[in-house]
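What follows is a short report on a single structure.
The values are calculated or read from the model by the stated rules, or taken from the named source; none is laboratory data. A quick note: this is a predicted structure, and the numbers were derived from the prediction, not measured. All Cβ positions, even for glycine, are placed from backbone atoms using ideal geometry, and neighbour counts span all protein chains on display. Accessible surface areas use protein heavy atoms only, side chains included; no ligands, DNA or RNA. Shrake-Rupley method; radii C 1.70, N 1.55, O 1.52, S 1.80 Å.
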Amino acid sequence: MDYEAKLADAVSAVRSEGRYRVFADILRHRGAFPRATYHGEHGEQQIIVWCSNDYLGMGQNTDVIAAMRDAADAHGAGSGGTRNISGTTHLHVQLEDELADLHQKEAALLFTSGYAANDATLSTLAKVLGDCLIISDELNHASMIEGIRRGQGPKRVWKHNDLAHLEELLSSADPKQAKMVAFESVYSMDGDIAPVGAICDLARKYGALTYLDEVHAVGLYGPRGGGIAERDGVLDKVDIIEGTLAKGYGVMGGYIAASANVVDVVRSYAPGFIFSTSLSPVLVAGVLASVRHLKVSQIERQQHQERAITLRKMLLDAGLPVLMAESHIVPVMVGDPVACKQVSDDLLEHHNIYVQPINYPTVPKGTERLRFTPCPLHTDEMMADLVKALDTVWTQRNIKRAA
């Protein structure tokens, strides 16, 4: 076999569909985010970043940066091993305690990413519980889908946020069978929010555990940043909460918070946890400072919501096809992969605006979009420049304006 030719054909197929992904080579400016430097084929270019998942700008917070610098000076760069073999530092223990407290659970467990947390936890629980039926929302993240697949147990997919369909699936299952309902709070591409309490009530009615992915909500919602479950006053109804430390908290990592038994089972059985080097104490120190800050500070969350509402209104007033949602995520629909990439390229090359095109398989074909994530550090002037640039490119490319 000509291996190189086979691999080249696979890449060509992605290119021909208009969904070949190009990584933007950028460097953020400490203290000046969302400004950054883009390193392109024509040299360096100063840009405004509009698609970062550092939703609150906590990756630029002076206390977070100082905590990371102090940790590097005190402890060095890496953790030195897995959690079982020298990789559990006192900082890891402190952060897990803070996260358990945040979600009002008995325990928490750190992972290297939110993806790893979902994959390891769902696959492990499915196997340990034995023949566990997992009922998954149809728009769940790829990491949840992969974890469920690797669990090798029975599964059902319910229509997105459709309570009637969820109850239909729950009621038709064997009452004696182990069951788990897996869903997200804020869905990252459409920006809609699940009825967390109602879903948990249905799950409890039929004897199912609940697994809630709050990665796009932790730090951002609730009086202490505990996510939608905290905002809605239903933390006690959720059995297992999974979150990230790379979005609202601005650093890196993932975690679960649950009962002590759930955490101990995952800690003891999940290969993705057992055999992974633990997070660097430098990163953990930064997250610890971020979590503690957002437990008491409301200003970042308030500014964040205001910025999202303001941008959505400006886009709507300009006649651009913005998808209306109640969260902080602001998608502008394009509906074609080639046009989506062209718009992104035009914005970067001619307007110094960076927003990544979102194509299949991240979203279904025909729903390609630009996904804007305004943060507290985006100014009114930046928003006005963005809307003007989008209006210009939409006209030049003759793209449909109706959402």
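Could we say that Y221 is surrounded by 20 or more Cβ atoms within 10 Å (Cβ to Cβ), among the hydroxyl-bearing types (S, T, Y) and more than 29 Å from T82 (Cα to Cα) here? Before you say what the answer is, go through the steps one by one.
Values: surrounded by 20 or more Cβ atoms within 10 Å (Cβ to Cβ): yes; among the hydroxyl-bearing types (S, T, Y): yes; more than 29 Å from T82 (Cα to Cα): yes.
Yes: the conditions hold for Y221.
Considering each of L294, L279, L311 in turn, give the residue that is in a helix (DSSP H, G or I), modelled with pLDDT of 95 or more and in contact with a strand residue (DSSP E or B) (Cβ under 7 Å, 6 or more places away or on another chain).
Exactly one residue qualifies, and that residue is L311.
State whether one or more residues within region 333-347 are open to solvent by 30 Å² or more (accessible area, probe 1.4 Å), in a helix (DSSP H, G or I), in contact with a helix residue (DSSP H, G or I) (Cβ under 9 Å, 6 or more places away or on another chain) and under 27 Å from I193 (Cβ atoms).
No; the residues of region 333-347 include none that is open to solvent by 30 Å² or more (accessible area, probe 1.4 Å), in a helix (DSSP H, G or I), in contact with a helix residue (DSSP H, G or I) (Cβ under 9 Å, 6 or more places away or on another chain) and under 27 Å from I193 (Cβ atoms).
Tell me, which helices (runs of 4 or more DSSP H) lie completely within region 108-222 with 1 or more residues that are more than 19 Å from D239 (Cβ to Cβ) and among the hydrophobic types (A, V, I, L, M, F, W, C)?
114-129, 142-151, 163-172
Considering (1) under 30 Å from G31 (Cβ atoms); (2) in contact with a strand residue (DSSP E or B) (Cβ under 8 Å, 6 or more places away or on another chain); (3) aromatic (F, W, Y), say which one F273 fails and leave the rest.
(1)
Among V265, V238, V251, which is among the β-branched types (V, I, T), under 30 Å from A384 (Cα atoms), modelled with pLDDT of 95 or more and surrounded by 17 or more Cβ atoms within 10 Å (Cβ to Cβ)?
Sole residue among the options that is among the β-branched types (V, I, T), under 30 Å from A384 (Cα atoms), modelled with pLDDT of 95 or more and surrounded by 17 or more Cβ atoms within 10 Å (Cβ to Cβ): V251.
Working only within region 226-248, note down all residues that are under 10 Å from G197 (Cα atoms), assigned to a loop (DSSP other than H, G, I, E, B) and among the acidic types (D, E).
In the first step, residues of region 226-248 are kept if they are under 10 Å from G197 (Cα atoms); the result is 228-229, 232-238.
Filter again for assigned to a loop (DSSP other than H, G, I, E, B), leaving 232-234, 238.
Passing the criteria: only D232.
Mind listing just one residue for me: the one in region 351-363 that is of a type outside the set (A, V, I, L, M, F, W, C) and modelled with pLDDT under 95 and, of those, farthest from D385 (Cα to Cα)?
The residue in question is P361.
Can you say whether K365 is touching a helix residue (DSSP H, G or I) at 6+ places or on another chain (Cβ under 9 Å), among the basic types (K, R), closer than 17 Å to I47 by Cα and open to solvent by 20 Å² or more (accessible area, probe 1.4 Å), as far as the supplied structure shows?
No.
Can you tell me which of (1) closer than 14 Å to G57 by Cα; (2) part of a helix (DSSP H, G or I) is the one V251 doesn't meet?
(2)
Report every pair of residues separated by at least 6 positions or lying on different chains whose Cβ atoms are under 8 Å apart, first residue within region 94-106 and outside any helix (DSSP H, G or I), second open to solvent by 70 Å² or more (accessible area, probe 1.4 Å) and at pLDDT 95 or above.
Q104/D236
Could you tell me which of the residues V181, V157 is crowded, with 20+ Cβ neighbours inside 10 Å and within 30 Å of R371 (Cα to Cα)?
Values: V157 fails: crowded, with 20+ Cβ neighbours inside 10 Å.
Being crowded, with 20+ Cβ neighbours inside 10 Å and within 30 Å of R371 (Cα to Cα) holds for just one of V181, V157, which is V181.
In this structure, does D213 turn out to be farther than 27 Å from T124 by Cβ and in contact with a strand residue (DSSP E or B) (Cβ under 9 Å, 6 or more places away or on another chain)?
It is false that D213 is farther than 27 Å from T124 by Cβ and in contact with a strand residue (DSSP E or B) (Cβ under 9 Å, 6 or more places away or on another chain).
Condition (residue is over 18 Å from A108 (Cα atoms), in a loop (DSSP other than H, G, I, E, B) and polar (S, T, N, Q)) applied to region 259-271: is it met by at least one residue?
no
Being open to solvent by 10 Å² or more (accessible area, probe 1.4 Å) and touching a residue at least 40 places away in the same chain (Cβ under 8 Å) is the filter here, so list the residues in region 224-234 that pass it.
Hits for region 224-234 are R224, E230.
Restricting to region 274-291, and then to whatever is among the hydrophobic types (A, V, I, L, M, F, W, C) and open to solvent by less than 20 Å² (accessible area, probe 1.4 Å), can you tell me which residue is farthest from G227 (Cα to Cα)?
Going through the qualifying residues, I end up with L279.
Table: residues versus (1) surrounded by 20 or more Cβ atoms within 10 Å (Cβ to Cβ); (2) touching a residue at least 12 places away in the same chain (Cβ under 8 Å).
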residue	(1), (2)
G43	no, no
Y55	yes, yes
A71	yes, yes
G78	no, yes
L91	yes, yes
G114	yes, yes
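When the residues of region 128-152 are narrowed to those that are open to solvent by less than 70 Å² (accessible area, probe 1.4 Å) and over 22 Å from G254 (Cβ atoms), which ends up nearest to the chain's Cα centre (by Cα)?
It comes out as I135.
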